[in-house]
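These notes are about the structure you will find just below.
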Amino acid sequence: MEKKWWQEVVVYQIYPRSFKDSNGDGIGDIQGMTEKLDYLEKLGIGAIWLSPVYKSPNDDNGYDISDYEAIMTEFGTMEDMEAFLSEANKQNIKVVMDLVVNHTSDEHRWFIEAKKGKNNPYRDYYVWADPSDDGGVPNDLRSAFSGTAWEFDEASGQYYLHLFSKKQPDLNWQNKEMRQSVYDMMNFWIDKGIGGFRMDVIDLVGKVPLEGITNNGPQLHEFLQEMNQETFGKHDLLTVGETWGATPEIAKLYSNPTRNELSMVFQFEHIGLDQQPGKEKWDLRPVNLAELKRVLAKWQTELGNEGWNSLFWNNHDLPRMISRWGNDREYRVESAKMLAILLHMMKGTPYIYQGEEIGMTNTPISDISEAKDIETINMYTDRLEQGYTKEEIITSINVKGRDNARRPLAWNASGNGGFTTGSPWIALNENYKEINVEAALNDPDSIFYTYQKLVQLRKEKPIMVWGDFELIDTVDNVFSYYREYKGERWLVVTNFSNEEQPFSSEDEIQTVIIQNDKENITGLKEMSLRPWQAFVVKVK
Ligand code: TEU
Ligand code: CA
């Protein structure tokens, strides 16, 4: 596969609303991000995935855009954005913008025009349908934020589609003129010197709603090849698609360079392992390590040289992995470092979600009034009506709710963690006095320095980028594998549990590459791994 810069970098995701507030209104903003670029430069990351900063009424925290070529008032101005881009580029950090074009906000000019009538030139930019024979919704498509995916428009007597909130009407990608408008907008940002695009629910743009088809629609890849030709294909950019419905076979369609679509996709098969099959993410079940190993090993081996993986445990939609499958109490540091080493030693482009590098944890709530996320609030109302108890629903929210990822990042132990001099849009986790950037930087053994070392190793060691992956058969709670490249072999060993676990290998240690504690690792025979122990050794 041809070498590309995005195969060797580590990407850092910023959720601007919760990163750094620079003007005391309790809401993170662009000047706050520019202020903290030196911190990211110290971590060593090569690119930032920036969650949406565009004009938005924030029904879904910016994933409902009312003007793609203007900056959200709360986050700052276009000048602030251009300053951020130039400062980041100066520090060799590329900025990957969030491209949200499956839907717009209902306050976007296109939709305001579309609602003016069936003959309006923007009408067909969206998905409209007549009521069904009984006058009700056209079909049973559901919104990801609870309820039907169809909203009735009195004026025209038609329904419009919204696979997310009512204020996020879906765009009609069958409309060539609409697609051109999207490409023009993408080129507007490319001309500003961005480093790429993260594409929101991109596997939905090929949808055929009246046939009940949402993801992986018949023309999806044709549209992506057209998009590639019309916009980023001419530039050396990182493009990553969010594709909840991807399998390894489908991922190759997106990321096989010969197909001129995307660099890679975010697949979520490993992320769904603690929900009951066929049910919703709120319907919990314990994660099974054997399954996790099988799924990750599959993705490590099945793309071969016909695709490229993304690697992540966290993002702005997911609970903090350390609280989910790690141990955020007595083994918070050990399990955070173990999760980092296990993931970053794999083949693909790693993504760090803000706060992951200092071991931020979930933030439980006791009442729905503490929740901010539309998905969580709608689900609460919906499940109460279905007869679930408040306790049951709050339990699910505390395990899987998106607000867990969106609590402000603490920069120090002062009031509100130095995130803001005002009152934060959502409360910080009370443990910020212990878990904050200043404390992490002052502690040479902190989780931060494990991430910094992993980022540095990926720059220096081609085996981490290109090495083949081979899962090693072990007891369930041990996750171990080899990376092999040009005769060099590294052995990765991790204990994914609170208990001691047996591990043994005939390999001889030549060099210890990294470990999550200070104990001497002398040999690999008949080892008893300490809880959450993790190390990587060169064995050939
Ligand atoms: O997420 C897509 C998506 O399907 C998730 O929101 C999903 O519903 C669930 O939360 C996963 O646990 C993308 C963005 O990442 C998300 O923030 C937006 O809310 C959504 O699209 C709509 O734009
Ligand atoms: Ca602010």
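Pairs of Cα atoms nearer than 8 Å and 6+ residues apart set the relative contact order; for the chain it is 13 percent.
With a Förster radius of 22 Å applied to the C-beta separation of Ile112 and Asn23, the computed FRET efficiency comes to 0.15. Within the assembled protein chains, the solvent-accessible surface assigned to Val137 is about 60 Å², based on a 1.4 Å probe.
Calculate the translational D of region 466-539 in whole µm² s⁻¹ from Stokes-Einstein, where the hydrodynamic radius comes from the Kirkwood formula applied to all Cα pairs, the temperature is 37 °C and the viscosity 0.692 mPa s. Here the translational diffusion coefficient equals 264 µm²/s.
On full extension, the segment bounded by Lys433 and Asp140 gains 100.7 nm, given 0.36 nm per residue less the C-alpha separation. In this Cβ point-charge picture (+1 for Lys and Arg, -1 for Asp and Glu), the chain has a dipole of about 1200 debye about its Cα centre.
Please compute the length gained on full extension between Arg259 and Gln510, using 0.36 nm multiplied by the number of residues separating them and subtracting their Cα-Cα distance.
Working: separation 251, 0.36 × 251 = 90.36 nm, distance 4.12 nm.
My answer for the length gained is 86.2 nm.
Residue separation times 0.36 nm, minus the C-alpha to C-alpha distance between Glu69 and Thr395: what's the value? All intermediate terms of the calculation are to be shown ahead of the outcome.
On the way: separation 326, 0.36 × 326 = 117.36 nm, distance 3.98 nm.
Extending this stretch completely gives an extra 113.4 nm.
Each label point was placed 7 Å from the Cα along the Cα-to-Cβ direction; for Asn442 and Asn288 their separation is 4.6 nm.
Past 25 Å, Cα to Cα, is the threshold; run Lys36/Lys90; Lys42/Lys459; Lys167/Lys192 against it and keep the listed order.
On the way: Lys36/Lys90 14 Å; Lys42/Lys459 14 Å; Lys167/Lys192 29 Å.
Checking Cα-Cα distances, Lys167/Lys192 exceed 25 Å.
In this Cβ point-charge picture (+1 for Lys and Arg, -1 for Asp and Glu), region 1-86 has a dipole of about 440 debye about its Cα centre.
Counting DSSP beta bridges in the chain, what percent are antiparallel, to the nearest 5? If you can, show how the numbers build up before the last one.
Details: 38 of 63 bridges.
Counting DSSP beta bridges with both partners in the chain, the antiparallel share is about 60 percent.
Among the protein heavy atoms of region 466-539, carbon and sulfur supply 43% of the accessible surface, probe 1.4 Å, non-protein parts ignored.
Can you give the direction-averaged projected area of the convex hull of the alpha-carbon atoms in region 392-480, in nm²? Numbers along the way, then the final one.
On the way: hull surface 39.4 nm².
With the hull built on Cα positions only, its mean projection is 9.9 nm².
Along the Cα-to-C-beta direction of Asn187, a point sits 7 Å from the Cα; which residues of region 224-268 have their amide N less than 15 Å from that point? Residues 226-235 fall inside that zone.
How big is the C-alpha Rg of region 130-263 next to the rule-of-thumb value 2.2 N^0.38 Å, as a ratio? Could the numbers behind the result be given before it?
Values: Rg = 16.5 Å, N = 134, 2.2 N^0.38 = 14.1 Å.
Dividing the Cα Rg of region 130-263 by 2.2 N^0.38 Å gives 1.17.
Taking 7 Å along the Cα-to-C-beta vector as the label spot, tell me the Asn119-Lys540 distance in nanometres, rounded to one decimal. Each label point is offset 7 Å from its Cα along the Cβ direction, giving 7.5 nm. Under a 5 Å amide H cut-off, with hydrogens placed 1.01 Å from N, Arg198 pairs with Met97, Asp98, Leu99, Val240 among residues at least 5 apart or on other chains. For the listed residue pairs Lys298/Lys347; Lys20/Lys337; Lys347/Lys518; Lys486/Lys538; Lys55/Lys207; Lys115/Lys176, the alpha carbons are over 18 angstrom apart in Lys20/Lys337; Lys347/Lys518; Lys55/Lys207; Lys115/Lys176. The string of couplings for region 278-286 from the Karplus curve (6.51, -1.76, 1.60, θ = phi - 60°) is x, 10, 8, 4, 7, 8, 7, 8, x Hz, one whole number per residue in order, with x for Gly and Pro. Here region 109-161 exposes an accessible surface that is 47 percent carbon and sulfur, computed with a 1.4 Å probe and the other protein chains kept in place. Packing, taken as the mean count of other beta carbons within 10 Å per residue, orders the peptides 71-78, 516-523 from highest to lowest as 71-78, 516-523. Taking amide hydrogens as placed 1.01 Å from N in the peptide plane, the amide H of Tyr126 sits under 5 Å from those of Asn172, each at least 5 positions away in sequence or on another chain.
Please quote Rg/Rh for region 109-161 to two decimal places, taking the Kirkwood radius as Rh and restricting both calculations to Cα atoms. Numbers along the way, then the final one.
Values: Rg = 11.4 Å, Rh = 11.6 Å.
Computed over Cα atoms, the ratio is 0.98.
What whole-number value in Å² describes the accessible area per residue of region 466-539 for a 1.4 Å probe?
Values: 3480 Å² over 74 residues.
Value returned for region 466-539: 47 Å² of accessible area per residue.
Can you pull the percent of Cα pairs in the chain with separation above 38 Å? When every Cα pair of the chain is considered, 27 percent fall beyond 38 Å. Using θ = phi - 60° in the Karplus curve 6.51 cos²θ - 1.76 cosθ + 1.60, the 3J(HN,Hα) couplings for region 523-540 round to x, 10, 7, 6, 7, 10, 6, 6, x, 6, 5, 8, 7, 10, 10, 7, 10, 7 Hz; x is entered for Gly and Pro. Label separation (Glu230 vs Glu370): 4.6 nm, computed from points 7 Å beyond Cα along the C-beta direction.
The value of relative contact order for region 109-161, using C-alpha pairs under 8 Å at least six residues apart, is 31 percent.
For region 82-97, backbone phi angles converted through the Karplus equation (6.51, -1.76, 1.60; θ = phi - 60°) give residue-by-residue couplings of 5, 5, 4, 4, 6, 5, 5, 4, 4, 8, 6, 10, 7, 10, 9, 7 Hz, Gly and Pro being listed as x. With a Förster radius of 30 Å applied to the beta-carbon distance between Ala155 and Asn378, the computed FRET efficiency rounds to 0.75.
The values are calculated or read from the model by the stated rules, or taken from the named source; none is laboratory data. All figures in this text were calculated on a predicted structure; none of them were measured in a lab. Don't worry about glycine lacking a Cβ; one is built from the backbone with ideal geometry, like all the others, and counts go over all protein chains shown. Only protein heavy atoms, including side chains, enter the accessible area calculation; ligands, DNA and RNA are left aside. Shrake-Rupley method; radii C 1.70, N 1.55, O 1.52, S 1.80 Å.
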